[in-house]
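Trainee: Let me begin by handing over the structure; questions about it come next.
Nothing in this text is a laboratory measurement; each read-out follows from the coordinates by a stated rule. Worth saying up front: this structure is predicted, and the values here are computed from it rather than measured. Please note: Cβ atoms are built from the backbone with ideal geometry, for glycine as well, and neighbour counts cover all protein chains shown.
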Amino acid sequence: MNKIPEPVRKELAALAAMPENEIDLSDIPATTEQDWRGAARGKFYRPIKQQLTVRIDADVLAWLKSQGKGYQSRLNDILRAAMLDRERHQ
């Protein structure tokens, strides 16, 4: 189900096809370092989740669950941190 109306989709497609040097940026106000203080990159990024079955050592699972609700999200955070660390060091 696509929630973006057809006219908006057409306008977005036209903008995406337009070379950057043709885009009018004159109505965008200038920003300062103060404006960006406290900003967080990727705050609303929600990667697509994929369901799967994995086998995890019982003690590892017990440790994850002992920290309260959200053990699957914690496991995902740990795996993501390890993935990003490995990518940085390759």
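Trainee: In debye, nearest 20: dipole of the chain around its Cα centre with unit charges on the Cβ of K, R (+) and D, E (-)? Show your work: numbers first, answer last.
Mentor: Working: 15 positive and 13 negative charges, 157 e Å.
The calculated dipole for the chain is roughly 760 debye.
Trainee: When only DSSP loop residues count, what trypsin sites (Lys or Arg not before Pro) in segment 59-90 have their Cβ near at most 12 other Cβ atoms within 10 Å?
Mentor: Details: sites: Lys65, Lys69, Arg74, Arg80, Arg86, Arg88; in loops: Lys69.
Passing both the DSSP loop test and the Cβ count: Lys69.
Trainee: Run the dipole for segment 50-90 about the Cα centre, Lys and Arg Cβ at +1, Asp and Glu Cβ at -1, nothing else charged, and hand back the magnitude in debye, nearest 20. Write down the numbers at each step before the final one.
Mentor: Values: 7 positive and 5 negative charges, 25 e Å.
Here segment 50-90 has a charge dipole of around 120 debye.
Trainee: If each of Leu61 and Val8 carries a label point 7 Å out from its Cα toward its Cβ, how far apart are those two points in nm?
Mentor: Label at Leu61, label at Val8, 4.3 nm between them.
Trainee: Mind checking segment 1-39 for trypsin sites (Lys or Arg not before Pro) that DSSP puts in a loop (not H, G, I, E or B) and that have at most 14 other Cβ atoms within 10 Å? List each step's numbers first, then the result.
Mentor: Values: sites: Lys3, Arg9, Lys10, Arg37; in loops: Lys3, Arg37.
The qualifying sites are Lys3, Arg37.
Trainee: Per-residue ellipticity at 222 nm for the chain, helices alone: DSSP H runs ≥ 4 residues times -39500 (n - 2.57), over residue total, nearest 500 deg cm²/dmol?
Mentor: On the way: 4 runs with 43 residues, N = 90.
Taking each H run of at least 4 residues, the total per residue is -14500 deg cm²/dmol.
Trainee: Which chymotrypsin sites (Phe, Trp or Tyr not before Pro) does segment 7-82 hold that lie in a coil by DSSP with at most 14 other beta carbons within 10 Å?
Mentor: On the way: sites: Trp36, Phe44, Tyr45, Trp63, Tyr71; in loops: Phe44, Tyr45.
The qualifying sites are Phe44, Tyr45.
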